[in-house]
């Protein structure tokens with residue numbers, strides 16, 4: 001996660017954060033929830049853009065051309081063998097080798113990363129969170145909910161200019177049924 005914090009702290013780069021997932025499958029909603037919350041609390045930050053891609057991360061292609069970010073960070077649940085709620089940060093080569101062409105999305109993230117990085121400007125990353133449940137119509141698990149809150153606070157503190165977190169920052173308000 002050191003690479004993640006280093007990217008957030010780099011004042012010279014523009015960042016696009018894209019939440020991926022489905023609000024119908026428990027912890028799979030975490031990328032969407034994080035992106036929605038960040039878009040509200042970081043709406044005035046000029047060097048970071050937030051978008052929700054849902055289960056179609058390929059939607060990001062038009063935004064890449066428009067925004068021309070230095071860093072693209074996908075946020076999604078990932079089965080990487082950790083404990084529920086664990087988070088890991090992967091570069092495109094990491095997730096291409098560890099999760100080749102396996103995807104619940106229409107196009108795999110590794111293929112999207114290859115297409116985006118081909119321009120030579122944008123580096124692609126994956127902030128993956130180990131799910132506890134992907135059951136249909138379930139809420140976020142407590143472990144993933146806690147991780148989401150931690151990630152939101154970390155991103156907000158690194159990208160905000162001294163704003164304090166309010167009690168309304170709880171991710172619990174964003175759990176889907």
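Between residue 59 and residue 47, what is 0.36 nm times their sequence separation minus the Cα-Cα distance? Round to one decimal in nm.
Working: separation 12, 0.36 × 12 = 4.32 nm, distance 2.04 nm.
So the extension gain works out to 2.3 nm.
Taking the chain as a Gaussian network, Cα atoms linked when under 10 Å apart, which of 114, 68, 11 shows the biggest mean-square fluctuation?
In the Gaussian network model the winner is 11.
Mind checking the alpha-carbon convex hull of segment 11-158 and giving the volume per residue in Å³? Show your work: numbers first, answer last.
Numbers: hull volume 14.9 nm³, N = 148.
Per residue, the Cα convex hull of segment 11-158 comes to 100 Å³.
Sequence gap at least 6, Cα distance under 8 Å: using those rules, report the relative contact order of the chain to the nearest whole percent.
Values: 348 pairs, mean separation 53.1, N = 177.
The normalised contact order for the chain reaches 30 percent.
May I ask you to compute the full-extension gain from residue 14 to residue 119, defined as 0.36 nm times their residue separation minus their alpha-carbon distance, rounded to one decimal in nm?
Numbers: separation 105, 0.36 × 105 = 37.80 nm, distance 1.55 nm.
Here the answer is 36.3 nm.
Given the chain, what percent of its DSSP beta bridges are antiparallel, to the nearest 5?
Details: 5 of 23 bridges.
Here the share of antiparallel DSSP bridges comes out near 20 percent.
Mind giving me the nanometre distance, one decimal, between the label points for residue 86 and residue 3, set 7 Å out from Cα along Cα→Cβ?
According to this spin-label approximation, the distance is 1.7 nm.
Separation of segment 1-44 and segment 117-146 by C-alpha centroid, Å?
Computed from Cα coordinates, the inter-centre distance equals 9 Å.
Mind ranking 116-122, 30-36 by how tightly packed they are, going by the mean number of other C-beta atoms within 10 angstrom, highest first?
On the way: 116-122: 12.9, 30-36: 25.3.
The peptides rank, most packed first, as 30-36, 116-122.
Computed from the coordinates by the stated procedures, all read-outs in this text should not be read as laboratory data. Note that the coordinates shown come from a computational prediction; the quantities given were computed from them, not determined experimentally. Please note: Cβ atoms are built from the backbone with ideal geometry, for glycine as well, and neighbour counts cover all protein chains shown.
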